[in-house]
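The next block holds one structure in the form of structure tokens; read it before the comments.
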Amino acid sequence: MSFFQSAFAATALLFASVTPALAVTEFVPPNDMTGRVWSTNSNDGWINARGIGFTVTGDVVIESVGVFQDLNGVALTYTVSEITALSGTFSRTSMLASGGSTVTTSGLEWIDYAIAPITLSAGTNYSIEFSFQGSSNQNFFYNNDNVAWTQGLFTGLEGTLGSSFSNFVVGAFRVDADTVTAPVPVPGALPLMAAGMAGFAAVRRRKKAA
């Protein structure tokens, strides 16, 4: 690679954004990191929607949501919403994503749904909720005893049931998440220098051709 090609490559790299690969974040309360099956052949509140509420300390993009469940031919739905509070009761102010499918698992498994990328903004409250009618084969919960926790940029994490945080367990949920990063700033003189070098290279080529 010539000196001039190297200079252009360096300029292109400086314009690029720093975008690490998405990482799976499983929300696990530190006061119960194992959880357990709490009920079998039961709905156990999922008909009213169970989920997790949180906010973020920096802007985050999520591209999938998942729940750990054991279902047999059950219609499962999910929503991602902005909510008004992270304690007591709350209202959903804006639905950001929703969907679902009929699910059959082989025991307890992660059930993940890809979603169009959503940017979660620092200081805004969010919930990820799942719901189904009928009974699941097994219902897995962590007992976080209403103690909110923090994982990375996610904070205020706490389980929801319906429109309330007033329950002592939280289901197992996860997301594909990445921090939002800005392009690396380019020194003002660098593009001009690269353009000047390109012009100089063109002159040399013309002289050689002559």
(message) Please verify whether Val180 is touching a Leu at 6+ places or on another chain (Cβ under 8 Å), at pLDDT below 95 and of a type outside the set (S, T, N, Q), treating the condition exactly as stated.
(response) no
(request) Please give the number of the condition Ser127 fails out of (1) of a type in the set (Ser, Thr, Tyr); (2) modelled with pLDDT of 95 or more; (3) surrounded by fewer than 20 Cβ atoms within 10 Å (Cβ to Cβ). (result) (3)
(request) For Leu76, state whether it is part of a loop (DSSP other than H, G, I, E, B), over 22 Å from Leu22 (Cα atoms), among the hydrophobic types (A, V, I, L, M, F, W, C) and at pLDDT 95 or above. (result) no
(request) Give the range 93-110 a look and list any residue that's more than 19 Å from Val37 (Cα to Cα) and of a type in the set (Ser, Thr, Tyr), or say none. (result) Thr93, Ser94, Ser98, Ser101, Thr102
(request) Test Gly51 against the stated conditions and say whether it is touching a residue at least 24 places away in the same chain (Cβ under 8 Å) and either among the β-branched types (Val, Ile, Thr) or buried (at least 18 other Cβ atoms within 10 Å of the Cβ) (or both). (result) yes
(request) Name every residue in the range 67-80 that is buried (at least 20 other Cβ atoms within 10 Å of the Cβ) and over 21 Å from Val24 (Cβ atoms), in order of residue number. (result) Val74
(message) Residues that are at pLDDT below 95 and either under 24 Å from the mean Cα position of the chain (by Cα) or β-branched (Val, Ile, Thr) (or both): list the strands (runs of 3 or more DSSP E) wholly contained in the range 1-71 that include at least 3 such residues.
(response) none
(message) Any residue that is on the phi > 0 side of the Ramachandran plot and either modelled with pLDDT under 95 or in contact with a Ser or Thr (Cβ under 6 Å, 6 or more places away or on another chain) (or both) - is there at least one of those in the range 94-106?
(response) yes
(request) Give Val74, Val28 a once-over and let me know the one that is touching a residue at least 60 places away in the same chain (Cβ under 8 Å), closer than 13 Å to Ser131 by Cβ and among the β-branched types (Val, Ile, Thr). (result) Val74
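The values are calculated or read from the model by the stated rules, or taken from the named source; none is laboratory data. None of these values were measured; they are calculated from a predicted model. Positions of Cβ are backbone-derived with ideal geometry, glycine not excepted, and every protein chain shown enters the neighbour counts.
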